[in-house]
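Everything on this sheet refers to the single structure shown next.
Where a number appears in this text, it was derived from the coordinates with a stated rule and is not lab data. For clarity, every value in this text was computed on a predicted model and none was experimentally measured. Note that each Cβ is placed from the backbone with ideal geometry, even for glycine, and that neighbours are counted across all protein chains shown.
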Amino acid sequence: MSSDSDKPNAEGVKNFPPMRKLEACAKQAKARREEQAKAKVLASAAVTTVESSQPKSKPPRRPERGRCRTSLIEEAQLDLFQLERQGRFTSLPVRPESEYPTFLTRLPIFRPCKRTNQRELLDNDNAMPFSTPWGEGRKHGPPLTIYDEDTLIAIGRLRNNRLIGQPGRLPVPVSDLYLRQGNPHVNVHVVQCMLSDIQEMCESVRGGAADRMRLDSIKRLAAVTIEFDTKTAAKFVGTGTTVKLVDVLWQRYTEDAILYIQFTPLMAVWYESEYTYLAWDVRRKLSDTGKAVHRFLSSQPKHYEISTKKLMCTIGYLRDHNKFLADLRLAMKQLEADGWVLSWEVEGTGRLTPHKLRLLRR
């Protein structure tokens, strides 16, 4: 038989730290249950129909999704900060606007046509040759369209940081060929975002097939390399003639994906010193041909004229010239309606005098 002194002291148990913690958790749980019950009552009062005996529909998506998305980005940024603390590189903030590499505005890398229509342009190495007054070379990798260019522009507008370090110590190591004489470091621009951020920037439908299309587009950008001839390459890089656009790391979740996108050193140089401003709000209203024309004209003087056949070749238009003239006129009317173009005309008959586009833009 136990004595009264062997019985547990109620007051002592109550003051025992783990017990106090349990009681606090119990109070919090009770408060949450009361708050949820109150919310249910308020929701029921707002509904005019009476609950039937049918099974209840699935509850709406919980708001925790947004907090989870934010935490993923914060975790990725923390990882980058830890690499910087280890001395791998130096990180500086980037405040992007509407910059776009000027060189890409003058090459038919992103064509206003379907990907399947570009197969006949491939050479024996499955590369796509191009030749314009501004450069010659070949594009290796999957065909790219205006949709892919929209993806690239959106990613460029989401750039977060500029990293400075040795090529092999960056989050995604790059080739030593990017080093310039006397400088042991290279610069890259990086983006840490969710796939939904890019979709929002492009004002695209979210979820399902639309998200898969956008992620596939990002992968295509990472798979492409551009090979320039020696004369063209000499304009912007001392050694090496093959250029990548971006490197990408991604992790896919049920309804989204977190992305680390690193623009290559040459792309970083272009974004910093060799860029053209693209009016994103104007571009989004245009057709694919209109976007290609607008992209090219954005890098030209405000008073400008060009042969329509030369313009057609530069943007990579694949249909016949008469169809291009019709699409060009539609694009110029839209640009004029938006106030981006002040005046324009397509002169010439196409027989005695070749067709030529003349314009004055804002």
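Note the full-extension length gain between S287 and E272 as 0.36 nm times their separation in residues minus their Cα-Cα distance, in nm to one decimal.
2.5 nm
For K231, give me every one of the aspartates and glutamates with a C-alpha distance below 16 angstrom, ignoring sequence neighbours fewer than eight places off in its own chain.
By straight Cα distance, K231 reaches E136.
Between the stretch 114-185 and the stretch 341-362, what's the alpha-carbon centroid distance in Å?
33 Å
Please give every one of the aspartates and glutamates within straight-line cross-link reach of K291, meaning a C-alpha to C-alpha distance under 16 Å, and leave out same-chain neighbours fewer than 8 residues apart.
Cα-Cα hits under 16 Å: E99, D148, E149, D150, E203, D281, D327, E336, D338.
Can you list the HN-Hα couplings for the stretch 220-228, worked out from phi with the Karplus curve (6.51, -1.76, 1.60; θ = phi - 60°), rounded to whole Hz and with x for Gly and Pro?
These are the phi-based 3J(HN,Hα) values: 5, 4, 6, 8, 8, 10, 10, 9, 9 Hz.
Name the long-range amide H neighbours of T145: under 5 Å, sequence gap of 5 or more, or other chain; modelled H, no Pro or chain starts.
R111
Taking amide H positions as placed 1.01 Å from N in the peptide plane, with prolines and chain starts having none, which residues 5 or more places from N161, or on another chain, fall under 5 Å of its amide H?
Correct list: V94, V190.
Quick one: what are the phi-derived ³J(HN,Hα) couplings along the stretch 354-360, Karplus 6.51/-1.76/1.60 with θ = phi - 60°, whole Hz, x for glycine and proline?
x, 5, 9, 8, 10, 7, 10
Could you go through the stretch 263-275 in sequence order and give the Karplus-derived ³J(HN,Hα) for each residue, using 6.51 cos²θ - 1.76 cosθ + 1.60 with θ = phi - 60°, rounded to whole Hz, and x for Gly and Pro?
Those phi angles translate into 6, 5, x, 5, 4, 4, 4, 4, 5, 8, 9, 10, 10 Hz.
With only alpha-carbon atoms in the gyration tensor, what are the semi-axes of the equivalent ellipsoid for the stretch 282-361, in Å, largest first? Write down the numbers at each step before the final one.
Details: eigenvalues 68, 42, 25 Å².
Ellipsoid half-lengths, sorted descending, are 18, 14, 11 Å.
Could you pull out which residues in the stretch 259-301 have an amide N less than 17 Å from a spot 7 Å beyond the Cα of K356, following the Cα-Cβ vector?
301
Check which residues have an amide H placed less than 5 Å from T132's amide H, if you skip close sequence neighbours.
none
Label 7 Å along Cα→Cβ of L249; the stretch 84-126 residues with amide nitrogen under 20 Å?
Flagged as within label range: 84-94.
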